[in-house]
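Only one structure is covered here, and it is reproduced in the block below.
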Amino acid sequence: MITKNSIENLKNNLDIVDIISQYLQIKKSGANFKACCPFHGEKTPSFVISPAKQIYHCFGCGVGGDSIKFVMEYEKLSYPEALEKLASMVNFSLEYDDNYKKQDYSSIEKLNEYYQKLLTHNNVAHQYLLDRGISSFSIEKFEIGYAPTSQDTINFLKSNFLSLTDAQDFGLIDTGQNGLYARFIERITFPIYTLNSKIIGFGGRTITGHNAKYINSPQTKHFNKSRLLYGYNLAKENVYKHKEIIITEGYLDVIMLHQAGFDNSVATLGTALTAEHLPILNRGEPRVIVAYDGDKAGLNAAFKASTLLSHNSFEGGVVIFGEGYDPADMVKEGKIEELNSMFKNVKSFIEYAIDFLIESFDINIPSQKQKGLIEVNNYLKTLTPIMQQEYAPYVASALKINTNLVNVSQSTNNNFQKQVDLSQIDIGELSVIKTLLEKNELLELVLNTIDEDIFQTHKGEFQLFIEDKNNPMLRGLLIQDEVKIYDKDELYNQLLFMLIPHYTKKLQYLKNDKSIELKSKMRKIRELQDKIALLKRGKL
């Protein structure tokens, strides 16, 4: 176990404001700080952090505690795991009893060193990097390596007496039908670090023509790609210094931009910018530049980022590169001054979002112009009143209409109003719908498991999704950061959470129903009891 004395010393080294600010956007409020509570849906901050008492309390749902309790609840960690997480966040060395084993990072650290050495001996991988314009200095700075065959990785771990259990915890290896296998096989590797420079995973780029060009480490207790930014550990000091951060789409973009002097550049890890990234971006309150490719995926990602960042009042804007072109290409071609000019002359998040929405309609057709106006109005409602007023003339000019037609004070649909009235919603139900809007691959899991009757609060929204998932009234979900996008495991657990009370209530009604013949009633009761028992065992 961790010694009591060590725990007390750790507590003395924790500042609750600094800890919680790494997870939530917080704002000064008198002697305290406020935030929107992460444990229940709310739009008006009722989550109060007291630096004097080193505690937090939500006046909306009643949760509260110290830094350790917060990390336990937010990260879903055990008490010892939370202590180790906090210790790593503040660079504190815990002390352990002789019979306690703390998390050992040597498996992933040694494997990273092994991959780096292999790169120097792999001419194909090394030449690929040089051909992309990456210098030897950058290869060393970013610790780029090369993962060999699966068996070579397994052999390395075994021959160096590294824990296979730890390697599996970090997502480096897994067990299949034929035994152990490595997740990264014949790929250039990019180690991924936490904000506090602890390696917790890899990104990998194939050079053997594999269908998946890039892969990341899987979700583990250490690795959550929605809370990480590639290169942030190297960029953070420059972000604080220059009050600016550049967000790109890929590893090579970050590396090449750093190489060209834009050493405040980072990248999301194969995922769109999410609300979980915001606390990181808010550190030091920098101007945020979203620099994405000009293909369809890049344009859509830039729109989602713009709505998220503008909704949360971030300063900055968007840079879009020509289709088939990216920041890495420009650095390689020596277009540094052009890049510098692009980063200085960004399109604001609000302007980009408005233009993106309007461009999907032919405003020369009155009916299309009307639809465009509705779309833009729905977006403007997510902004502060001052911003709504400021950008009304911009909308009017873009749509070629009178400014007084830009009405942002009234809802045009009861369903939409219901969505933004966060005191009347079920976050879990809306998160299921939002997940389906963002992740088509999970659609079958949901539709094979539930129907609209499972939804107690948002049956209408689910029916709207089934009828037309592109309905503009659902767009509000995409820009509500209180509503989560689940991964597969989280979605699975939420479905269990919804189904158990549904069938329990159904069972109670059935038991009280005197209109059903007894034999049929007993059969149906047994069927429902079997379903509930199965669900309680964690099986859909």
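Put a dot 7 Å past the Cα of Lys335, heading toward its Cβ, do the same for Tyr128, and the two dots end up 2.5 nm apart. Note on Lys505 and Gln456: the extension gain reaches 16.5 nm, defined as 0.36 nm multiplied by sequence separation minus the Cα-Cα distance.
Isolated cysteines in the chain, defined as those with no second cysteine Cβ under 4.7 Å, comprise Cys36, Cys61. Distance between the modelled labels on Ile401 and Arg526, one decimal in nanometres: 6.3 nm (7 Å Cα→Cβ projection).
Under Stokes-Einstein, with the Kirkwood radius over Cα pairs standing in for Rh, what whole-number D in µm²/s applies to segment 360-410 at 25 °C and 0.890 mPa s? Display every interim value, and only then the final one.
Details: Rh = 10.9 Å.
This corresponds to a translational diffusion coefficient of 225 µm²/s.
Applied to segment 442-447, the Karplus parametrisation 6.51 cos²θ - 1.76 cosθ + 1.60 on θ = phi - 60° returns per-residue 3J(HN,Hα) values of 9, 4, 4, 4, 6, 5 Hz, with x for Gly and Pro. What the pair-distance distribution of segment 164-258 shows, using all Cα-Cα distances binned every 5 Å from zero, is 2, 12, 20, 22, 19, 12, 7, 4, 1, 1, 0 percent.
Sorting the segments 25-38, 119-132 by their residues' average number of neighbouring beta-carbon atoms within 10 angstrom, most packed first, yields 25-38, 119-132.
Using only alpha carbons, build the gyration tensor for segment 3-68 and give me the equivalent ellipsoid semi-axes, biggest first, whole Å.
Values: eigenvalues 106, 30, 19 Å².
Each semi-axis is the square root of five times an eigenvalue, giving 23, 12, 10 Å.
If you count the DSSP beta bridges with both ends in segment 191-320, what percent of them are antiparallel, to the nearest 5? Please report the intermediate quantities before stating the final value.
Values: 7 of 19 bridges.
Looking only at bridges with both residues in segment 191-320, the antiparallel portion is about 35 percent.
What are the equivalent ellipsoid semi-axes of the chain, built from the alpha-carbon gyration tensor (square roots of five times its eigenvalues), in whole angstrom, biggest first?
38, 35, 26
Equivalent-ellipsoid semi-axes (√(5λ), Cα gyration tensor) for segment 227-354, whole Å, largest first? Mind dumping the intermediate values first?
Details: eigenvalues 73, 60, 37 Å².
For segment 227-354, the ellipsoid semi-axes come out as 19, 17, 14 Å.
Against the empirical curve 2.2 N^0.38 Å, the C-alpha radius of gyration of segment 122-170 lands at a ratio of 1.47.
Here Lys4 is the anchor, and the lysines within straight C-alpha reach of less than 17 Å, apart from those fewer than 8 places off in the same chain, are Lys69, Lys85, Lys101, Lys102. Run the Debye formula on the Cα coordinates of segment 423-536, all scatterers equal and no solvent, and tell me log10 I(q)/I(0) at q = 0.15, 0.20, 0.21, 0.22 1/Å. Values, matching the q order: -0.71, -1.05, -1.12, -1.19.
Using C-alpha pairs under 8 Å with a sequence gap of at least 6, the mean separation divided by the residue count of segment 106-223 gives a relative contact order of 25 percent. Placing dummy labels 7 Å off each Cα toward the beta-carbon, the span from Leu443 to Glu75 is 3.7 nm. Spatially, segment 368-397 and segment 492-512 are offset by 42 Å when compared through their Cα centroids.
Give, in nm to one decimal, the length gained when the segment between Asp487 and Lys241 is fully stretched (0.36 nm per residue of separation minus the Cα-Cα distance).
Working: separation 246, 0.36 × 246 = 88.56 nm, distance 3.50 nm.
Extra length available between Asp487 and Lys241 comes to 85.1 nm.
Among the helices of the chain, those built from whole DSSP H runs whose Cα atoms reach 20 Å or more along their own axis and whose mean Kyte-Doolittle hydropathy is at least -0.5 are 296-311, 385-399.
What separates the Cα centres of segment 268-287 and segment 183-208 is a distance of 20 Å. Available extension along the chain between Lys539 and Leu518 is 4.7 nm, counting 0.36 nm per residue and deducting the alpha carbon span. Residue exposure proxy: Lys241, Lys531, Lys514, ordered by other Cβ atoms within 10 angstrom of their Cβ from fewest to most, comes out as Lys514, Lys241, Lys531.
Only bridges with both residues in the chain count here: give the DSSP antiparallel percent, nearest 5. Let's see the in-between values first.
Details: 33 of 45 bridges.
In the chain, approximately 75 percent of DSSP beta bridges are antiparallel ones.
Once the Cβ-Cβ distance of Thr384 and Thr3 is raised to the sixth power relative to R0 = 56 Å, the FRET efficiency obtained is 0.70.
Go ahead and run the numbers for FRET between Asp66 and Asn224, Cβ-Cβ distance against an R0 of 25 Å, rounding to 0.05.
Values: r = 23 Å, r/R0 = 0.90.
Efficiency at R0 = 25 Å is approximately 0.65.
Values quoted throughout were computed directly from the atomic coordinates according to the rules given, and no laboratory measurement underlies them. If you're wondering where the values come from, they're calculated on a predicted model, not measured in any experiment. No Cβ is skipped: glycine too gets one built from the backbone with ideal geometry, and neighbour counts run over all protein chains shown.
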